[in-house]
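Following: one structure in structure tokens, then a few remarks.
The values are calculated or read from the model by the stated rules, or taken from the named source; none is laboratory data. As the structure is a computational prediction, the values presented were derived from the model and not from experiment. Every residue, glycine among them, receives a Cβ derived from its backbone with ideal geometry; neighbour counts consider all protein chains shown. Protein only, heavy atoms only, side chains kept; ligands, DNA and RNA dropped before computing areas. Shrake-Rupley method; radii C 1.70, N 1.55, O 1.52, S 1.80 Å.
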Amino acid sequence: PVLVESLLVFTVVLSVHAVVWDRFSWCAVALALQAFYVQFKWDRLLQLGGAVFQFRGAANSGLLPASMVIPLLGVVMKERCRAAGIVYFERFGIVVASTGMLLALFLSVLAVGITKPVPTNTCILTGIAGSVIIYTMKHSLTVSEVIEVLEVLLIFVYLSMILLYLLPRCFTPGEALLVLGGVSFVLNQLIKRSLNVIEGRGDPIDFFLLVAVVGVVLLGLFFTVLFIFMDSGTWISSMFFHMMTAVLGLGVIMPWLYRLIQRNPLFWLLQFLFQTQTRLYLLVYWTFLAASACGVVFYQNAKRSSESKKHQASTITRKYFHFIVVATYVPGLIYDRQLLYVAAVLCLAVFIFLEYVRYFRIKPFGQTLRHLLSLFLDERDSGPLILTHIYLLLGMSLPVWLFPRSCAPKGTLPGAGALVPYSGVLAVGVGDTIASVFGSTMGEIKWPGTKKTFEGTMTAIFAQIIAVALILIFDSNVNLNSSYAWILASVSLVSLLEAYTTQIDNLLLPLYLQIMLMA
């Protein structure tokens, strides 16, 4: 399975390289080659228990698929913005690609350094790939851009040491690279923009995303350190938790956001949410869907009898939430993407806050949340945190958040790029859901070395093609310009990757589909 997964990732890398064909795409090929070799060193360290931290079990390291996501996103973003003539975001794409390559190299060097005996061939290959990438960065980046890349690397190193120590068995090395690399980049962007505020420059919804992500991460770090010294399950600790959340929110996060958008954040948010009648209808509809999701949770827990406390929800039951998320995102993508952008940010902040309440057993809802959510755990929730629902939200939202709006003057990219905001809906909402449902109920022919079935994968591909046809009918902004073969190839590659990867597919699949569609 690892070899097939690697082959699929190489296919994506070479496809992007064939389209872009510049020094950065060559660097991506070099990075993929060395990550392929180093991945086996990480896998061996995980099997022998020689890794520095405790990583999630029942999965390989995932270094190769994770290493290529951020560099390839930067490369395709650079190419799209270069074609649109937007120099600022073309340079931003170069910084993203360079940052992703440096973070992946750091993780590779770490694995090579702690492997005993030292793997000579892998060291040589990593050194050659690193030399090529650093030489390219030297001749492509300005001094300020080099400093920015090194700042992200420094934040990533410290954040990794803290969070991987505090949260054992929550991530594989690849998932840690993706999640912590993304958070490090967001934190650095927020610091950079806070120090260079120019009135009227920048979209408030972008600042809203940056402040929300950094705010909830800092909130979690603060309480994690605090509750080392006190019992989090008492009423006094719970009151202190709620009080300090209010203080940090109103005393730090709100003023920070005010400095960036130059207006009262609460008034701006209320004005934004209720600006048009369409937004009001969407908010009412989303409230109904949120209530339905809560109803599913309560109903499934009510069915759980006292004799079967170890009973877990079936795969089909868990996929109810995928259907609800698709029903949430599709109208937002068609009618008001900016509202969907902001609503997804708010939802992410609420999800993470509720996970803090559950994890720290904050009264009065902490223990109740533990009981309700324990029914929906699977083998990927082996650590102290429950992250699968947050990964589902991220997988659906990242294509919306990462869509290069400034490089798409008409609000959409030409050709297959028009489907980029729908990457999460197609890969996770439709493809992964249909593959799981049909594979678990009717699948008989299993892919070699996996539990996934041939029938599930083929049905997922067919369902995504139908979904693309429906998007063409209902979204007038989508014009594919005869790029159907590329779309079919992209959907097929990502569906096969879903069958073979042991990483969190809710997070990985939408990003790879977005890369292919943007290329």
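Tally up the residues in region 32-63 that are farther than 18 Å from P1 by Cα, in a helix (DSSP H, G or I) and of a type outside the set (A, V, I, L, M, F, W, C), please. Total satisfying the criteria: 1. From the list S194, S232, the one residue that fits, being of a type in the set (S, T, N, Q) and part of a loop (DSSP other than H, G, I, E, B), is S232.
A search for C-beta distances below 8 Å between a residue of region 417-430 that is under 16 Å from A519 (Cβ atoms) and assigned to a helix (DSSP H, G or I) and any residue that is among the polar types (S, T, N, Q) and open to solvent by 10 Å² or more (accessible area, probe 1.4 Å), counting only pairs 6+ apart in sequence or on different chains, returns A418/T412; A418/N477; A418/N479.
Out of region 329-344, which residues are farther than 18 Å from L210 by Cα and either open to solvent by less than 30 Å² (accessible area, probe 1.4 Å) or free of Cβ contacts under 8 Å to residues at least 40 places away in the same chain (or both)?
First pass over region 329-344, keeping only residues farther than 18 Å from L210 by Cα: 329-336.
Y329, P331, G332, L333, D336 - these are the residues of region 329-344 that are farther than 18 Å from L210 by Cα and either open to solvent by less than 30 Å² (accessible area, probe 1.4 Å) or free of Cβ contacts under 8 Å to residues at least 40 places away in the same chain (or both).
Within region 166-188, residues that are open to solvent by less than 30 Å² (accessible area, probe 1.4 Å) sit with their Cβ atoms under 8 Å from residues that are acidic (D, E) and assigned to a helix (DSSP H, G or I), at 6+ positions apart or across chains, in these pairs: N188/E148; N188/E151. Scanning region 26-38 for residues that are buried (at least 23 other Cβ atoms within 10 Å of the Cβ) and at pLDDT below 90 turns up just one, V38.
Of all the numbered requirements in (1) open to solvent by 60 Å² or more (accessible area, probe 1.4 Å); (2) assigned to a helix (DSSP H, G or I); (3) among the aromatic types (F, W, Y), W268 misses one, and that requirement is (1). Residues that are over 18 Å from D381 (Cβ atoms) and at pLDDT below 80 were ranked within region 49-66; the one that is surrounded by the fewest Cβ atoms within 10 Å (Cβ to Cβ) is G49.
Would you confirm whether any residue within region 82-89 is buried (at least 22 other Cβ atoms within 10 Å of the Cβ) and at pLDDT 85 or above?
The answer is no, given that none of the residues of region 82-89 is buried (at least 22 other Cβ atoms within 10 Å of the Cβ) and at pLDDT 85 or above.
Inside region 417-468, residues that are surrounded by 22 or more Cβ atoms within 10 Å (Cβ to Cβ) and not hydroxyl-bearing (S, T, Y) make up a count of 21. The condition of being closer than 27 Å to Y391 by Cβ and either surrounded by fewer than 20 Cβ atoms within 10 Å (Cβ to Cβ) or polar (S, T, N, Q) (or both) holds for only one of F227, F223, F208, that being F227.
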